[in-house]
Structure formats: C-alpha cells, structure tokens
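Visitor: Below you'll find the structure I mean.
The values are calculated or read from the model by the stated rules, or taken from the named source; none is laboratory data. Just so it is clear, the structure is predicted and the values come from calculations on it, not from any experiment. When we count neighbours, we look across all protein chains shown, and the Cβ atoms used for this are built from the backbone with ideal geometry, even at glycine.
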Amino acid sequence: MADPYIIYIPQDSAACSVGANEVAEVIVQNARSAGIDVKIIRTGSRGAYWLEPLVEIEANGKRLGYGPVTTANVAALFESRFYEGGENALCIGIVDEHPFFARQERLTFARCGIIDPLDLDAYRRHGGLKGLEKAATMTSEAIVEEMIESGLRGRGGAGFPAGIKWKTALAQSSDQKFICANADEGDSGTFADRMIMEGDPFALIEGMIIAGFATGAEHGLIYLRSEYPAALRIMTNAITAFEDVGLLGENIADSGRAFSIELRRGAGAYICGEETSMLESLEGKRGEVRVKPPIPAIKGLFGKPTIVNNVLTLAAVPFILAEGATAYRNYGMGRSRGTQPFQLAGNIKRGGLVEKAFGVTLRELIEEFGGGSFTGRPLRAVQVGGPLGAYLTADELDLPMDYEAFVDAGAMLGHGGVVVFDDSVDMARQAEFSMTFCAEESCGKCTPCRIGAVRGAETISKIRNGENIAANVALLTDLCEIMTDGSLCAMGGLTPMPVLSALEKFPEDFDIPDARKRATP
Amino acid sequence: MNAESDLTERTRALCRAQASRPDALIEILHDIQEEAGFIPRETIPVLAEELNLSRADVHGVASFYHDFRDAPPDGPIVKLCRGEACQAMGCDTLAEALEISPPESDGVKSVIETVYCLGNCALGPAAMVSGQLIGRANKENISDALNKTATRKLNGANG
C-alpha cells in the first residue's frame, strides 16, 4: 500500500481562532469520502496569521502551502488534488520561498509551525537537543562564557545581558537555586511566547535545562499566564515527554546533573510579568513588586539565587550552544546581537511573527512584511514595546530595531511587539487608556503608580473635555515626571512613556476637545 | 453531609493534592474556581488552616488577581480583549455593541468581561469563550462559540 499523503494543519490557538480545527475536520471527512489515505500532522503556526489557517503538504521534499483555507473551499482543494501539490487559487507556493518567510532569519523559531510540537524525534531531526548535548559536556563556567560571548540580551523588555545574569547566579553559593521562565506575556501586541510554547515547547525546556547546568540550579518553574490555556496543555505534555526519556530528572544526558520543571499558572495580573512581582506570585502571594536590590540573581525565589528570563531568551539558548556564540552574534547591529522575533499586530494587513536580525527598520517590518494597514487607510501611529512603549509617528519608521537606537529616540523595543494604528486613532484617548490601564493593573505598592495613574487618567479626561487644557497639560507633564522618577518598577515608571509621546507627537489630538468624535472606520 | 461540609472536604482535598504547600495557593484557587465557578467565601478559612496562612493572607491573594471571582457569574463569560492591538481593530465599538445586546446561550445573556491581551494580536479584535480563542471577533462568531459550548455541555463533553 502506498504511503498516506501527509497534510500539515496548525493547532496553534490563533490559527484555531480563525477555524483551523474545523478545516482539519472537513479535510478528514473529504478524504474519507473520496477514499484518499491522508495523515494529518498538527503543527504550531509559522506565524503568518494573515494566511491562517495555512494548510501544507509535502511534495518532492518541499512544503507547499494553501491559505487562508476555510471549510467552504476544502472541496475545491480536493478537486484540484492539493494533497499532491495540485494548482489552486489558495496555493502560496513553496512556503519557505514565500516573500513573508524567505527574508526572515529564523533561529529561535526554526521549527515552529513545521513539526508536531510534541514529537521528540522530529525535534531531534530538526536540530533539537544538540545544544543540550553540547552543554552536558561543558563546565558551568564555559556555558556562561558562551552566553556572554553570544551577546544575547533579555528579550522580556529590559535587554539585560543574559550571560552576565547567569554569571551572577553561578557565583552565589547556595543550597538551592532556581530558573524561572517568565511566560506571563501580557503586553498587548505580543504573542511570540505563546507561539513558541504551543509550537516548539521543547526549545524552552531545553533552554531552561541549559540555564540550570550553567548556574547550578536544579529546579525550574514556568510562570504561564492563565490567558493561554492551549499553551498550558502543550507545555504540560512537553515536560512529561522530556521526563519520560530521562531528559528531565537525575543525571540528564549523562552529565551527572539533575533538573526538574514545574508549571505554575498566573491569574490575570499584568504586573506579574515584572520579575519580582512574578516571584511573589510564584510563592503564592499577592503579586506586589519587591524593592531592588537585592536582585533576584542573588536573592530571588524563596530568597535563593534565581534566574528570571523571558521565554524568548531561554528559547534562544539551544541555538547558541549548538551552533556557537559566534554564529549567533554574527546577526544584529551595535550592542543588539542576534535575532528578535518581532510581532506585527493591530491594524496591519499581514500580521504575524517576523524573526529578523536586529537592525531591520520599522518601515521594512510594517511595509514590506506587514503590507501597511489592514483598513488600507494611512498609518498614523505605531506603538512598539507593549502598553508601556512609546508611540511613534509615520515619520519615524526608518528607525532601526535596536535597543540603543530606540532609547535614543525616547522609545523602547520591549518584547518586540509592533502595534499599528491607522488615521482614525485618537491619541488623547490612547494616552488616557495608558493611564487607565496602569490604574487597573498597578500592584498598589508604591504611591506614584497607584495614585498617579488614577489622577493621570482623570487629568487626561479633563483635557479631552476641553477643561483648562494648558493648565492640565502642565499638571499631567509634572505628574508623569513624578511617576517616572518615583515608581518602584517599570509599570509606573514607564506608563508616562506612551502618555508623553502621544502628547508631544500628536498635540493636535489634545487641543481639540471633540477630537474623539472623529469617525471610526 | 451538608453542602458546606462537602465544600470543606473538597477544599481540603485540593490542598492536599498540592501537598498543602502555601506557595501553591494560586493553583489551588484555580482548582476551586474550575469546580465551583467562583471562590466561595466559606473556602477561605479552610484554605488558611490547611496551608498554615492567615485568613487575611488568603483573602488578600484571592482578591488581588483578576481571575478569581467571589460570586458566580450571571451567565456564560465572553472575555473580550481591550488591549491596544485590538483597539486598533475596533474592539471598543464591538464592546459597546456587545454591552447593549449581549449574545445569549440557551436563553441566558452572556457576561462581557474585559481582558488585556489574549495573544491573538494579529487577528484582532480577539475574544475568548470557554478557553476557545476567537479571531476577527464579531457578534456572530462570538454567538456561534457560545452556542457550540452549550451544545458540548449538553453532550456531556468538557465545556
């Protein structure tokens, strides 16, 4: 009997949010009634969300894509014998050669969307575990050295050199140390952590084990937000899969070292993405931020030395160990080394994940990859780096994606989220939202954030209503200064960034009291 | 056995499944809410005793996190993302429309709940019904998702 036709369909939750499960069901039904032997492999998403559900088949060793597929056009796909690579209006050709993918540099996301996320053999065939096996033969000091050499900086937003953090934790003598993966991806406009956890969870686990080897930590925790139930399911199974073959537990890969991982759910608090608040939450407490110093690498979870790294930071580690620090640091610009999974979101035609070396410009991302606004209207503002990131204007798109270039422009790269707004946006309303969001999500520990955000929202509301605009703008600017200088953590400290950037760059939206009455598309 | 002692026993069992570790409090609260639909007030002293915490500690945690509710919801929950990426795709207009006439499931009006980011920012506006993510959300596909959940429950599958 001939081999079945293999059909790849994503099970990524965003792909399923536009019908991937239903499409898979109808494909199976059609195949059955036509007597065609097919094997469905559910993968993660490649990240071209505008093409989802993206169905792929294998022909002559290449993956051919069809998308976006709806249940309504499955019958036509079968008529054109898509399972053999037949021509159809939905065919996008060889997926790797499609313009959206061909120019990407996928190091961290090399396997995402390509393999069954829980197939350990497929993971190994696609380069997985090479990093871990290499690390198993190295001393902790040598692993840390490799990490420093790679230039990898924390992908959660702060951009602190990961190797230095690891070195600090390694230098502590303690009976216990921890590795915490921060999977509390709360920034609007970001979904890369979710994608990797749903599409290539082994990469995160492998990175955590290597971090354990490097620092002497034997226990890891993943703090996973409750808004990601699918990621929780897949991560749970992925940990079990590693345990079953002895890749978690005692004497991993004959290294004589032990490591275990526990999953913990968040509970809907944005602030718990802040590392010290996350540690409190992992201890079962209210997610109130801690005063730093001491830094977690010295005194973290339960007072023990703790590495807190973002999911993307840890998922980048296996590549660095497998291919060497130089291979990684050869990508990028200035002090921003390697690649960043950028996320194109909001009002954008071709939204999704673009992994590219640092140095790509915002314009290339938004125009060449993203294809401009979804509505087709002119782009007016872009918020980079989540709810605490600055708003940029259409004139600032030539800015290179680089930590320092962004700081110089009064902005921040954050977790790599790019949210596009068209010309219907009311920037005074956006500024008010930033303050409202901060008031809603503040942990309440420090006054500038707890009270400042409430007063900030009130003041912007007054400005929008045309009350004493000049005086209230002065008051708002003053308040922002206090929040920036006086808050304990980035939540209160950075909320002024979107507020002030909106105020400075879009003053017309603050002067016209009825600006909010602008027509929405 | 009355209902209250059942709840007490069940709460104790959920604690012991986590070895009564105080750091597992949030996990246990999730477990309670999954079973009961909310965190009944009566569970607070039981949790405190079982985990060796004060009642204030437990109440403090249960009230800090947005996920935990202290009363059963009035209807099936529709989580609607109101983050910036979804704002750029008109979630505020959708929210207004949903609040004026909430979609129903089995004749019960749904409860529209605000969340900030569901990780579906390239396919906004995003919503979630029973853990199922909805992209390019509108009244129709939210209604469909609610109906599907109701059907699944009727068939005895997990909701």
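Visitor: Take B:Glu140 and decide whether it is surrounded by fewer than 19 Cβ atoms within 10 Å (Cβ to Cβ) and either at pLDDT 95 or above or within 7 Å of chain A (Cβ to nearest Cβ) (or both).
Guide: In short, yes.
Visitor: Scan segment B:48-95 residue by residue and report those that are within 30 Å of A:Ala502 (Cβ to Cβ), in a loop (DSSP other than H, G, I, E, B) and more than 12 Å from chain A (Cβ to nearest Cβ).
Guide: None; the set is empty.
Visitor: Could you please find all residues in segment A:158-172 being closer than 18 Å to A:Ile143 by Cα and not in a helix (DSSP H, G or I)?
Guide: Hits for segment A:158-172 are A:Phe160, A:Pro161, A:Gln172.
Visitor: Return the residues of segment A:416-432 that are within 11 Å of chain B (Cβ to nearest Cβ) and small (Gly, Ala, Ser); say none if nothing qualifies.
Guide: Once the filter is applied, which keeps residues that are within 11 Å of chain B (Cβ to nearest Cβ) and small (Gly, Ala, Ser), segment A:416-432 yields A:Gly417, A:Ser424.
Visitor: Test of understanding: among B:Leu133, B:Leu118, which residue is assigned to a loop (DSSP other than H, G, I, E, B), free of Cβ contacts under 8 Å to residues at least 60 places away in the same chain and at the interface with another protein chain (Cβ under 10 Å from one of its Cβ atoms)?
Guide: On the way: B:Leu133 fails: assigned to a loop (DSSP other than H, G, I, E, B).
Step by step, each of B:Leu133, B:Leu118 is checked, and only B:Leu118 is assigned to a loop (DSSP other than H, G, I, E, B), free of Cβ contacts under 8 Å to residues at least 60 places away in the same chain and at the interface with another protein chain (Cβ under 10 Å from one of its Cβ atoms).
Visitor: Among the numbered criteria (1) without any contact (Cβ under 8 Å) to a residue 40 or more places away in the chain; (2) within 30 Å of A:Leu54 (Cα to Cα); (3) of a type outside the set (D, E, K, R), which single criterion is violated by A:Thr139?
Guide: (2)
Visitor: Which number in (1) closer than 26 Å to A:Ala258 by Cβ; (2) touching a His at 6+ places or on another chain (Cβ under 8 Å); (3) in a loop (DSSP other than H, G, I, E, B) marks the one condition that A:Ile179 misses?
Guide: (3)
Visitor: Can you name the residue in segment A:98-134 that is among the aromatic types (Phe, Trp, Tyr) and part of a helix (DSSP H, G or I) and, of all such residues, is farthest from A:Val245 (Cα to Cα)?
Guide: By that ranking, first place goes to A:Phe100.
Visitor: Restricted to segment A:423-447, and to residues that are of a type in the set (Asp, Glu) and under 23 Å from the mean Cα position of the chain (by Cα), which residue is surrounded by the fewest Cβ atoms within 10 Å (Cβ to Cβ)?
Guide: In this case the residue turns out to be A:Glu440.
Visitor: Which of the residues belonging to segment A:264-305 are away from chain B (no Cβ under 14 Å), hydrophobic (A, V, I, L, M, F, W, C) and either surrounded by 19 or more Cβ atoms within 10 Å (Cβ to Cβ) or under 17 Å from the mean Cα position of the chain (by Cα) (or both)?
Guide: Answer for segment A:264-305, where residues must be away from chain B (no Cβ under 14 Å), hydrophobic (A, V, I, L, M, F, W, C) and either surrounded by 19 or more Cβ atoms within 10 Å (Cβ to Cβ) or under 17 Å from the mean Cα position of the chain (by Cα) (or both): just A:Ala297.
Visitor: So which pairs qualify, if the first residue must be in segment A:330-351 and closer than 28 Å to B:Asn120 by Cβ, the second must be acidic (Asp, Glu), the Cβ gap must be under 6 Å, and the two must be at least 6 apart or on different chains?
Guide: Listed by first residue and then by second, the contacts come to A:Ser336/A:Asp402; A:Thr339/A:Glu105; A:Thr339/A:Glu355; A:Pro341/A:Glu355; A:Asn347/A:Asp422.
Visitor: With the condition being closer than 26 Å to B:Val115 by Cα, in contact with a strand residue (DSSP E or B) (Cβ under 7 Å, 6 or more places away or on another chain) and not basic (Lys, Arg), I'd like the helices (runs of 4 or more DSSP H) fully within segment A:396-495 carrying at least 1 qualifying residues.
Guide: Numbers: elements: A:403-408, A:427-441, A:447-464, A:469-486, A:490-494.
Fully inside segment A:396-495 and qualifying: A:427-441.
Visitor: Could I ask something else about it? Just wondering, is there one or more residues in segment A:358-367 that are over 30 Å from A:Leu54 (Cα atoms) and either of a type in the set (S, T, N, Q) or out of contact with any Leu (no Cβ under 9 Å at 6 or more places or on another chain) (or both)?
Guide: No.
Visitor: Checking A:Ile40 against (1) loosely packed, with under 15 Cβ neighbours inside 10 Å; (2) without any contact (Cβ under 8 Å) to a residue 40 or more places away in the chain: exactly one of these is not met. Which one?
Guide: (1)
Visitor: Name the one entry in B:Ala85, B:Ala62, B:Ala48 that is over 20 Å from A:Ser226 (Cα atoms) and either over 18 Å from the mean Cα position of the chain (by Cα) or without any contact (Cβ under 8 Å) to a residue 60 or more places away in the chain (or both). Quick ask: steps written out before the conclusion?
Guide: On the way: B:Ala85 fails: over 20 Å from A:Ser226 (Cα atoms); B:Ala62 fails: over 20 Å from A:Ser226 (Cα atoms).
Within the list B:Ala85, B:Ala62, B:Ala48, the selection yields B:Ala48.
Visitor: Mind checking which residues of segment B:60-87 are more than 19 Å from B:Glu35 (Cβ to Cβ), among the aliphatic types (A, V, I, L, M) and out of contact with any Pro (no Cβ under 8 Å at 6 or more places or on another chain)?
Guide: Selection gives B:Ala85 alone.
Visitor: Out of the residues in segment A:145-168 that are touching a residue at least 24 places away in the same chain (Cβ under 8 Å) and among the small types (Gly, Ala, Ser), state the one that is farthest from A:Val384 (Cα to Cα).
Guide: It comes out as A:Ser150.
Visitor: Would you call A:Ser45 touching a residue at least 12 places away in the same chain (Cβ under 8 Å), among the polar types (S, T, N, Q) and in contact with a Gly (Cβ under 6 Å, 6 or more places away or on another chain)?
Guide: Answer is yes for this residue.
Visitor: Ok, one more. From (1) surrounded by 19 or more Cβ atoms within 10 Å (Cβ to Cβ); (2) more than 28 Å from B:Val61 (Cβ to Cβ), pick out the condition that doesn't hold for A:Ile261.
Guide: (2) is the only condition that A:Ile261 fails.
Visitor: For segment A:1-93, give me every one of the helices (runs of 4 or more DSSP H) that falls completely inside it and has 2 or more residues that are over 20 Å from A:Gly113 (Cβ atoms) and at pLDDT 95 or above.
Guide: Answer list for segment A:1-93: A:20-34, A:74-79.
Visitor: Among the listed residues A:Val308, A:Val317, which satisfies the condition of being out of contact with any Lys or Arg (no Cβ under 9 Å at 6 or more places or on another chain), surrounded by 24 or more Cβ atoms within 10 Å (Cβ to Cβ) and away from chain B (no Cβ under 14 Å)?
Guide: Numbers: A:Val308 fails: out of contact with any Lys or Arg (no Cβ under 9 Å at 6 or more places or on another chain).
Selected residue: A:Val317, the only one of A:Val308, A:Val317 that is out of contact with any Lys or Arg (no Cβ under 9 Å at 6 or more places or on another chain), surrounded by 24 or more Cβ atoms within 10 Å (Cβ to Cβ) and away from chain B (no Cβ under 14 Å).
Visitor: Quick check on my filter: what residues within segment A:236-257 are of a type in the set (D, E, K, R) and either farther than 19 Å from A:Leu118 by Cα or not assigned by TED's automatic domain parsing to the domain that holds A:Arg194 (or both)?
Guide: Of everything in segment A:236-257, those that are of a type in the set (D, E, K, R) and either farther than 19 Å from A:Leu118 by Cα or not assigned by TED's automatic domain parsing to the domain that holds A:Arg194 (or both) turn out to be A:Glu250, A:Asp254, A:Arg257.
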